[in-house]
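All remarks here apply to the structure that follows.
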Number of protein chains: 2
Amino acid sequence: MDAIDLSLVELLRGNARLSYAELARQVGLSAPAVHERVGKLEAGGIIRAYRAEVEPEAIGLAVTALIGIVEDSTADTDDVLEAFRQMPEIESCYFMAGVESFLLKARVGTIAELEQLIVRLNRTPGVASTRTGIALSTKWENRPQPVELPAS
Amino acid sequence: MDAIDLSLVELLRGNARLSYAELARQVGLSAPAVHERVGKLEAGGIIRAYRAEVEPEAIGLAVTALIGIVEDSTADTDDVLEAFRQMPEIESCYFMAGVESFLLKARVGTIAELEQLIVRLNRTPGVASTRTGIALSTKWENRPQPVELPAS
DNA sequence: AGGCTCAGGTCGATCGCGTCCACGGAGAGT
DNA sequence: ACTCTCCGTGGACGCGATCGACCTGAGCCT
């Protein structure tokens, strides 16, 4: 993980569809060298996936909610997690410090679907209570932040 | 935005680096046809970007925090937003229903940097108070959910 | 009905890219 | 100094991206 790897990661965070040839030009290596480096970054789990970022409304996901979860005293955290994993509406899941063990970001098509999701969450064994906030609009999301190169 | 467009979006959400030729095979069109459709999806803002998803720790962003913002009575929401936009640590910004007008997701390298960020947020004109939750771990993030095709 | 126009597809050709392989140089260990 | 290893380069070749020409069906006007 040197400065060149960092540049590659940075470039791909900005545009995942850059060709290897283009990456090579940007970092000053040959295309095969870049290919191998990127392959290692993928294999090493540094690069997890390449995803198209889509306007959620366009695919029928108009409602975004953020949901805090309080576990009850009987809860097995792994089981709760597994239950959340089965719910495709939950796009992100953070394990938090504080009273609320989890914070979930969910996207659904309608408020009615959100209601159903919350009911299911409250019924999940180990869940004591939920607290839901509705996002009226998403100003931005997953903006990549520039990483500073460690000063040489 | 027909069923084929939806399939393309779905495929690219799963893997943004699929070639047009591969996409074409999957949806049963020719490569140029797919090329044109994807171009229109990009131009129409349906596909916003292609991003590599990177393990944050690998690029020196070990601390994830979720921060609720309460505006004061003098606040101009647009100005507050603009101030947030200038802070690169803020990866996502949702405008929320409820007492807290915004919910921010921020990533920084260290707890010390988080402290500095919170100080800056509290100093921002229009911000009355902040409430910060720290994510101990990210179980998953931005998992693409399968979209159901509208029944034909 | 006939024909115009347009949207959106296929086909074919060209050029650049991805990817495999053989080769070479720098640095570390013996 | 020799050699091993790592990491790069350059060449070759097949596939993909992309452009232009052409085809087809739907909708509409006359």
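The values are calculated or read from the model by the stated rules, or taken from the named source; none is laboratory data. Because the structure is a prediction, the values reported are computed rather than measured. A quick note on method: Cβ atoms are made from the backbone with ideal geometry, for glycine too, and the neighbour counts reach across all protein chains shown. Surface areas here come from the heavy atoms of the whole protein model, side chains and all, with no ligands, DNA or RNA. Shrake-Rupley method; radii C 1.70, N 1.55, O 1.52, S 1.80 Å.
Among the residues of region A:95-110, those that are closer than 14 Å to A:A65 by Cα and not charged (D, E, K, R) comprise A:F102, A:L103, A:L104, A:A106, A:V108, A:G109, A:T110.
When residues in region B:101-152 are screened for being more than 10 Å from chain A (Cβ to nearest Cβ), open to solvent by less than 50 Å² (accessible area, probe 1.4 Å) and not in a helix (DSSP H, G or I), 5 of them pass.
For beta carbons closer than 6 Å, sequence separation of 6+ or different chains, a first residue in region B:110-129 that is of a type in the set (A, V, I, L, M) and a second that is open to solvent by less than 80 Å² (accessible area, probe 1.4 Å) and assigned to a loop (DSSP other than H, G, I, E, B), the qualifying pairs are B:L117/B:E89; B:A128/B:D72.
Taken together, the residues in region B:1-25 that are in a helix (DSSP H, G or I) and either more than 12 Å from DNA strand D (Cβ to nearest atom) or of a type in the set (A, V, I, L, M, F, W, C) (or both) amount to 15.
Residues being facing chain A (nearest Cβ under 7 Å) and open to solvent by 60 Å² or more (accessible area, probe 1.4 Å): count how many of those fall in region B:39-54. Going through region B:39-54 one residue at a time, the tally reaches 1. Here B:T64 fulfils each of the conditions (1) assigned to a helix (DSSP H, G or I); (2) surrounded by 19 or more Cβ atoms within 10 Å (Cβ to Cβ) apart from (1).
Here A:V54, A:V27 are screened, and the one residue that is without any contact (Cβ under 8 Å) to a residue 24 or more places away in the chain, within 16 Å of DNA strand C (Cβ to nearest atom) and aliphatic (A, V, I, L, M) is A:V27. In region A:26-57, which residues are more than 16 Å from DNA strand D (Cβ to nearest atom), out of contact with any strand residue (DSSP E or B) (no Cβ under 9 Å at 6 or more places or on another chain) and of a type in the set (A, V, I, L, M)? Scanning region A:26-57 gives no hits. Of the residues in region B:78-98, how many are at the interface with chain A (Cβ under 10 Å from one of its Cβ atoms) and either of a type in the set (D, E) or not in a strand (DSSP E or B) (or both)? Residues flagged as at the interface with chain A (Cβ under 10 Å from one of its Cβ atoms) and either of a type in the set (D, E) or not in a strand (DSSP E or B) (or both) within region B:78-98 amount to 9. Summed over region A:26-38, residues that are polar (S, T, N, Q) and either assigned to a helix (DSSP H, G or I) or surrounded by 14 or more Cβ atoms within 10 Å (Cβ to Cβ) (or both) total 1.
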